[in-house]
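Quick notes on the structure that follows.
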Amino acid sequence: MIQPFRPLREDFTLMRCGLYMTELLDAATRDREPVPELFALLRQGLEQLTETSTPDTLLRLFELQLLMLIGYTPQLFACVRCARDLADYETAFSPAMGGLVCRSCMTNKQQAVTLSPQTLAYLRQGVMSGAESVPLLPDDAEVCQEIETVLHQHLTARLGRELKSYAFLHL
Ligand SMILES: [Zn+2]
């Protein structure tokens, strides 16, 4: 018998990643018309998980693709509030507002996080490629963590809830 997702059941790390992807899809489709592309995305993500040696890269790719499909691409090139073009040094990202915020639009309420240039470059590249392929994560654990955190904050702000499986990703 063919068991396409067998490695997921045998490898605990991969299984946790698969659960996270599944919960993300569930949260993204709740209260919305089901988008067929989302289910194709999940199937592809689970298949790729069984073959990858870098599950983190795949998770970031999955998150970006999902955000684009549901119309929540993070705004990384202009101020999310006043639409002013942002130069590279503007790196304040507001998960609540869904993108970069310029200094004049920034108020205390919009708890923004400051992105490192590497994180901003990575996210911009992912968004510009249409998330068809996301660059490999940088060889820097701190930057990888920052990319993960900001994407996660953006996702939970857009979806309106925390994901239970997220806490298990780093056990
Ligand atoms: Zn602005």
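The values are calculated or read from the model by the stated rules, or taken from the named source; none is laboratory data. Just so you know, these numbers come straight off a predicted model, no measurement behind them. Every residue, glycine among them, receives a Cβ derived from its backbone with ideal geometry; neighbour counts consider all protein chains shown.
Annotations
- Filter pass, Ser116 being more than 16 Å from the ligand (Cβ to nearest atom), without any contact (Cβ under 8 Å) to a residue 60 or more places away in the chain and more than 23 Å from Thr52 (Cβ to Cβ): yes
- Summed over the range 153-171, the residues that are over 19 Å from Pro55 (Cβ atoms), without any contact (Cβ under 8 Å) to a residue 60 or more places away in the chain and outside any loop (DSSP other than H, G, I, E, B) give a count of 1.
- Odd one out for Thr73 among (1) assigned to a loop (DSSP other than H, G, I, E, B); (2) loosely packed, with under 15 Cβ neighbours inside 10 Å; (3) at pLDDT 90 or above; (4) away from the ligand (no atom under 16 Å from the Cβ): (2)
- When Cys82 is tested against (1) assigned to a loop (DSSP other than H, G, I, E, B); (2) under 27 Å from Met21 (Cβ atoms); (3) without any contact (Cβ under 8 Å) to a residue 24 or more places away in the chain, just one condition goes unmet, and that condition is (2).
- Criterion violated by Met106 - all others in (1) closer than 19 Å to Ile147 by Cβ; (2) not in a helix (DSSP H, G or I) satisfied: (1)
- The set of residues from the range 124-167 being of a type in the set (A, V, I, L, M, F, W, C) and out of contact with any Lys or Arg (no Cβ under 9 Å at 6 or more places or on another chain) comprises Val127, Met128, Ala131, Leu136, Ala141, Val143, Val150, Leu155, Ala157, Leu163, Ala167.
- Qualifying residues in the range 112-146 (those that are under 21 Å from Gln44 (Cβ atoms) and of a type in the set (Val, Ile, Thr)) - the one modelled with the lowest pLDDT: Val134
- From Leu66, Leu61, Leu42, Leu76, residue being free of Cβ contacts under 8 Å to residues at least 40 places away in the same chain, over 17 Å from Phe168 (Cα atoms) and of a type in the set (A, V, I, L, M, F, W, C): Leu42
- Check on Leu24, buried (at least 17 other Cβ atoms within 10 Å of the Cβ), in a helix (DSSP H, G or I), out of contact with any Pro (no Cβ under 8 Å at 6 or more places or on another chain) and in contact (Cβ under 8 Å) with a residue 12 or more places away in the chain: yes
- Look at (1) within 16 Å of the ligand (Cβ to nearest atom); (2) modelled with pLDDT under 90; (3) surrounded by fewer than 16 Cβ atoms within 10 Å (Cβ to Cβ) and you find that Ser53 fails only one, number (1).
- Residue within the range 143-152 that is acidic (Asp, Glu) and part of a helix (DSSP H, G or I) present: yes
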